Amino acid sequence: MNTIGDRIKYVRKEILKNKSQKDFGDMIGLKANSVSCIETGTNNPTEQTIKAICREFSINETWLRTGEGNSEKDKDIDFGKICADIGINDSKAREGIEKYYKLSPEDKELWWKFIEKFIFN
């Protein structure tokens, strides 16, 4: 994969399991013919398109631009998204996180000792 177009095609076909150019384009605000032109190298993707691909499909921006590194973002990069998802979809986890947040530093240390003893051993 020598070009950004090749890498975008890889995202569409391999990472997204043969998503059509139309469906791929719909997800990032492009028409199918624009996706085709980018993949073939006729046109270069805009900054907005690159950012949308990385955001929508959890793609490593450095890899998309240069081919260096892994294609997918490190999972811990989206910690805010994970917290938002928990806040919306898991009321018990949200309640637990809120209660943990309110603990004193000493109580947090005790909590971690408890967790390490029963979960990590």
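The values are calculated or read from the model by the stated rules, or taken from the named source; none is laboratory data. Because the structure is a prediction, the values reported are computed rather than measured. Glycine gets a Cβ as well: all are built from the backbone with ideal geometry, and neighbour counts include every protein chain shown.
Some observations on this one:
- Long-range neighbours under 6 Å by Cβ, at least six apart or interchain, first residue in a helix (DSSP H, G or I) within the range 39-51, second among the hydrophobic types (A, V, I, L, M, F, W, C): GLU39/ILE8
- Among the residues making up the range 1-35, those that are outside any helix (DSSP H, G or I) and polar (S, T, N, Q) are ASN2, THR3, ASN18, SER20.
- Among the conditions (1) surrounded by 11 or more Cβ atoms within 10 Å (Cβ to Cβ); (2) of a type in the set (Lys, Arg); (3) part of a helix (DSSP H, G or I); (4) free of Cβ contacts under 8 Å to residues at least 40 places away in the same chain, LYS92 misses just one, which is (1).
- Checking ILE15, ILE4 one by one, the residue that is hydrophobic (A, V, I, L, M, F, W, C), over 18 Å from the mean Cα position of the chain (by Cα) and either outside the structural domain of ASN60 (by TED's automatic domain parsing) or under 21 Å from ASN70 (Cβ atoms) (or both) is ILE4 and no other.
- Unique residue being surrounded by 15 or more Cβ atoms within 10 Å (Cβ to Cβ) and under 30 Å from TRP111 (Cβ atoms) when the list is ILE82, ILE28, ILE53, ILE86: ILE86
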